[in-house]
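Have a look at the structure below before the remarks.
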Amino acid sequence: MEGETEAINTIRVLCAEMVLRANSGHPGAPIGLAPLAHTLFTSFLRHSPENPDWLDRDRFVLSNGHACTLHYVLLHLCGYDVTLGDLKAFRTCGSKTPGHPECTHTPGVEVTTGPLGQGIGAAVGLAIAQKHTQAVFNTEEITLFRGRTFVVVGDGCLMEGVASEAASLAGHLGLSNLVVIYDSNAITIDGGTSLAFTEDVPMRFRAYGFTVLFCENGDEDIQRIKETLDEAAGEKEKPTLIVLKTTIGYGSALQGTEKVHGSPLSADDIRQMKQKFNLREEAFHVPETVRRLYRETQERGRKLEEEWNGLFREYQEKEKEKGAELQRRLAKTPLGKIEEEKFLEKHTEPMPTRKAGGLVLEELLKTAPELFLGSADLSLSTNVKTKEISVFQKKNYSGRFVHFGVREHAMFAAANGIAAHGLFTPLVSTFLVFLPYGLGALRLAALSNHHVLYVMTHDSIGLGEDGPTHQPVETIASLRALPNVTVHRPADLKETIGAYRNAVEGAGPHVLCLSRQNTPLLNGTSQEKTLFGGYRVVCSASPVAILLGTGTEVALCVEASNTLRREGIAVDVVSMPSTTLFEQQTPEYRKTVLLPHIPVISVEALSTFGWSRYSHAQIGLRTFGVSGNAGAVGERLGITEERICACVRALHGTEAHLLPVLEG
């Protein structure tokens with residue numbers, strides 16, 4: 001293609017100028033990767049810059065997100081809604097070009113990256129979603145979907161454990177639509193990779209089940225870059241790793257050193273680069289020949305989408321049911337609700353909320369084919385695998401349950417990619433205590449507003465015998481502190497229905513914390529009231545105290561309330577399945593639940609951290625749990641009816657003006 005060298009060098013200089021103008025950023029990797037990015041975006045990537053959400057586009061993920069100036073420059077040149085002014089505003093508040101890629105900020109950015117390794121995990125999720133879409137919707141007559149996923153990773157990404165988990169899973173699943181491009185520039189922040197990273201990466205990926213290709217001169221050998229991308233596109237059985245040897249900061253006086261990794265190049269250095277590359281000295285200049293070349297890319301994308309739209313219209317005529325289902329998902333039509341009364345008639349016995357969750361999920365799956373499930377080797381314990389759902393595997397990409405194996409971090413990262421694809425709501429599951437293994441990915445889900453459901457069971461010291469290593473005493477408190485995450489801890493089957501309803505119909509990440517131990521079906525709980533986050537389960541005309549419980553402790557609070565009533569002490573009970581939802585209610589509503597000037601005692605078999613916002617006294621844990629029978633553990637740690645009653649008696653008669661004002 002005529003003018004390629006000029007285009008590549010223009011990209012290099014623009015990246016360097018963006019970092020210099022911001023006086024902050026990472027110029028080295030973008031400069032080194034310019035030939036690859038130019039070739040990929042102009043000759044291989046199926047994308048439509050005028051419609052970044054085109055459904056059958058190829059997906060591009062920059063896992064080494066610190067190299068984002070490269071992505072922003074390519075988006076600008078290709079004609080996405082990223083202007084030259086946006087490039088000049090790099091790393092400024094409110095710009096479309098933040099310091100690391102954010103999918104909520106920049107058209108054309110598929111997933112938020114920056115924390116190394118997260119991008120390859122999300123890319124595996126995107127590739128899974130693409131494979132499933134192709135298996136379910138393509139027919140013998142019409143190939144409606146053919147998208148691939150390209151992800152660029154650096155040395156740092158491949159050092160992260162999540163990358164190993166994700167690559168291992170991709171190889172096992174035979175994701176032939178996944179192309180991983182390894183920017184092997186042998187430099188990290190501290191110096192050469194020889195300081196800490198000397199493994200044989202190609203051999204490692206062959207062991208995972210990848211096809212491995214090489215480009216020894218990624219700085220200049222455009223022909224070989226094209227050949228490797230062509231070979232990767234033709235692979236039908238395995239994911240592909242392209243080992244791309246580049247020079248970090250190519251063209252800089254400091255090229256090949258750690259000094260170009262995370263600091264701006266000097267104005268003098270950029271000036272000599274321009275002279276070397278035969279470019280004008282004017283800052284942020286894009287030659288018309290480069291503009292013309294990229295207009296061809298924009299036009300190609302427009303034609304690809306137009307052709308696909310015609311194919312989709314034909315598809316809708318010939319495959320009416322599947323076409324209607326695609327339209328329903330694109331419109332995000334709400335799912336059908338569970339009829340609580342009929343459902344409860346069949347399930348009246350005490351049960352763990354994890355079992356209740358399984359029953360609810362089984363009902364939802366009948367009408368919600370967009371739910372895409374997975375578990376980290378605990379599906380039988382977390383009750384998220386039903387008989388009707390087949391397993392997603394090499395020979396059955398139409399399955400919608402993924403056995404992620406013991407790979408929690410990759411599972412959470414892949415869920416971000418599955419959600420980002422646009423046609424699915426991923427639901428992933430493990431024990432709550434193992435959630436921190438994947439917390440980095442969950443945090444990015446929150447930042448990106450990805451609609452991901454996390455079903456986390458064995459939610460308190462009530463799991464018993466497995467002991468403190470498996471009792472997640474601090475985990476829910478940390479989740480409640482995360483912005484944009486809705487945390488649910490339902491008390492019984494009715495609240496579990498409500499929690500699932502809110503999670504499935506809502507937006508952003510939802511964490512459902514479910515119990516191992518039984519809990520009864522309580523009078524006063526309801527699916528509808530659960531949506532308010534907190535409500536009164538036991539009410540009296542003149543209560544002397546309010547017991548505030550969550551999850552299995554609500555039943556304990558009800559028992560204590562009944563005991564105290566027999567003593568002539570009127571005590572109300574509030575269930576708060578979601579502090580997140582409760583905070584979204586009006587102050588007036590919250591005051592009808594937590595009555596002003598009435599002592600409130602919170603009860604949760606977990607850390608008491610955070611409950612002072614809603615209660616004057618807290619019954620919970622300030623230590624780790626212990627191993628033993630669930631009842632004995634509760635007795636040992638003071639989560640008992642007797643202790644609750646004693647606390648109420650101690651507060652009984654406290655004058656209202658002596659009570660601190662609650663924030664909640």
Exercise for the section: Could you tell me whether any residue of segment 42-61 is among the basic types (Lys, Arg) and surrounded by fewer than 24 Cβ atoms within 10 Å (Cβ to Cβ)? Expected result: yes
Problem - Among the residues listed as ARG328, ARG302, ARG280, the single one being more than 27 Å from ALA415 (Cβ to Cβ), part of a helix (DSSP H, G or I) and among the charged types (D, E, K, R) - result: ARG302
Handout entry: ARG271, sole failed condition from (1) assigned to a helix (DSSP H, G or I); (2) not assigned by TED's automatic domain parsing to the domain that holds LEU70
Key = (2)
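With the condition kept exactly as written, say whether any residue in segment 317-324 is in a helix (DSSP H, G or I) and in contact with a Ser or Thr (Cβ under 9 Å, 6 or more places away or on another chain). Talk me through it step by step, then tell me what you get.
Step one: of segment 317-324, the residues in a helix (DSSP H, G or I) are 317-318, 320-324.
Restricting the remaining residues to those that are in contact with a Ser or Thr (Cβ under 9 Å, 6 or more places away or on another chain) gives 318, 322.
Yes, there is a match, as at least one residue in segment 317-324 is in a helix (DSSP H, G or I) and in contact with a Ser or Thr (Cβ under 9 Å, 6 or more places away or on another chain).
Limited to segment 497-531, what total is found for residues that are on the phi < 0 side of the Ramachandran plot and without any contact (Cβ under 8 Å) to a residue 60 or more places away in the chain?
Residues of segment 497-531 that are on the phi < 0 side of the Ramachandran plot, as a first pass: 497-507, 509-523, 525-531.
Subsequent filtering for residues that are without any contact (Cβ under 8 Å) to a residue 60 or more places away in the chain retains 503, 506-507, 510, 522-523, 525, 528-531.
Residues that pass the stated criteria total 11.
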Exercise for the section: From (1) outside any strand (DSSP E or B); (2) surrounded by fewer than 24 Cβ atoms within 10 Å (Cβ to Cβ), pick out the condition that doesn't hold for ARG536. Expected result: (1)
Exercise for the section: State whether one or more residues within segment 193-208 are among the small types (Gly, Ala, Ser), surrounded by fewer than 19 Cβ atoms within 10 Å (Cβ to Cβ), under 26 Å from ASN177 (Cα atoms) and at pLDDT 95 or above. Expected result: yes
Problem - Residues within segment 382-409 that are without any contact (Cβ under 8 Å) to a residue 60 or more places away in the chain, in contact with a Gly (Cβ under 7 Å, 6 or more places away or on another chain) and among the basic types (Lys, Arg), tallied - result: 0
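Scan segment 226-249 for residues that are under 19 Å from GLY65 (Cα atoms) and surrounded by 20 or more Cβ atoms within 10 Å (Cβ to Cβ) and jot them down.
So in segment 226-249, the residues under 19 Å from GLY65 (Cα atoms) come out as 241-249.
Selection gives LEU241, ILE242, LEU244, THR246, THR247, ILE248, GLY249.
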Fill in the blank from the handout: Screening ILE569, ILE601 for residues that are assigned by TED's automatic domain parsing to the domain that holds ARG536 and in contact with a strand residue (DSSP E or B) (Cβ under 7 Å, 6 or more places away or on another chain) leaves only ILE601
Exercise for the section: Tell me which residues, restricted to segment 465-495, are of a type in the set (D, E, K, R), surrounded by 18 or more Cβ atoms within 10 Å (Cβ to Cβ) and more than 21 Å from the chain's Cα centre (by Cα). Expected result: ASP492, LYS494, GLU495
Handout entry: Contacts under 6 angstrom Cβ, first residue in segment 552-569 being of a type in the set (S, T, N, Q), partner buried (at least 17 other Cβ atoms within 10 Å of the Cβ) and in a helix (DSSP H, G or I), 6 or more apart
Key = THR552/GLY462; THR563/CYS645
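Which is surrounded by 16 or more Cβ atoms within 10 Å (Cβ to Cβ) and modelled with pLDDT of 90 or more, of ARG354, ARG328, ARG313? If you could, list the steps in order and put the result at the bottom.
Working: ARG328 fails: surrounded by 16 or more Cβ atoms within 10 Å (Cβ to Cβ); ARG313 fails: surrounded by 16 or more Cβ atoms within 10 Å (Cβ to Cβ).
The unique qualifying residue is ARG354.
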Problem - Tally, over segment 436-452, of residues that are surrounded by fewer than 24 Cβ atoms within 10 Å (Cβ to Cβ) and in contact with a helix residue (DSSP H, G or I) (Cβ under 6 Å, 6 or more places away or on another chain) - result: 2
Fill in the blank from the handout: Reported set for segment 182-222 where residues are touching a Gly at 6+ places or on another chain (Cβ under 7 Å) and more than 19 Å from LEU62 (Cα to Cα) is TYR208, GLY209, PHE210
Completion exercise
Given (1) touching a helix residue (DSSP H, G or I) at 6+ places or on another chain (Cβ under 6 Å); (2) under 23 Å from ALA89 (Cα atoms); (3) in a loop (DSSP other than H, G, I, E, B), GLY262 misses just (1)
Handout entry: Hey, ARG46 in a helix (DSSP H, G or I), farther than 13 Å from TYR294 by Cα and of a type in the set (Lys, Arg) or not
Key = no
Problem - helices (runs of 4 or more DSSP H) fully within segment 152-208 counting 2 or more residues that are touching a Lys or Arg at 6+ places or on another chain (Cβ under 8 Å) - result: 161-173
Exercise for the section: Please enumerate the residues belonging to segment 386-404 that are surrounded by 16 or more Cβ atoms within 10 Å (Cβ to Cβ), modelled with pLDDT of 95 or more and part of a loop (DSSP other than H, G, I, E, B). Expected result: PHE392, TYR397, GLY399, ARG400, PHE404
Exercise for the section: Scan segment 460-516 residue by residue and report those that are over 28 Å from SER627 (Cα atoms), touching a strand residue (DSSP E or B) at 6+ places or on another chain (Cβ under 9 Å), at pLDDT 95 or above and not hydrophobic (A, V, I, L, M, F, W, C). Expected result: THR486, GLU495, GLY498, TYR500, ASN502, GLY508, PRO509, HIS510
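The values are calculated or read from the model by the stated rules, or taken from the named source; none is laboratory data. What you are looking at is a predicted structure, and each value in this text was computed from that prediction instead of being measured. All Cβ positions, glycine included, derive from the backbone under ideal geometry; neighbour counts span all protein chains shown.
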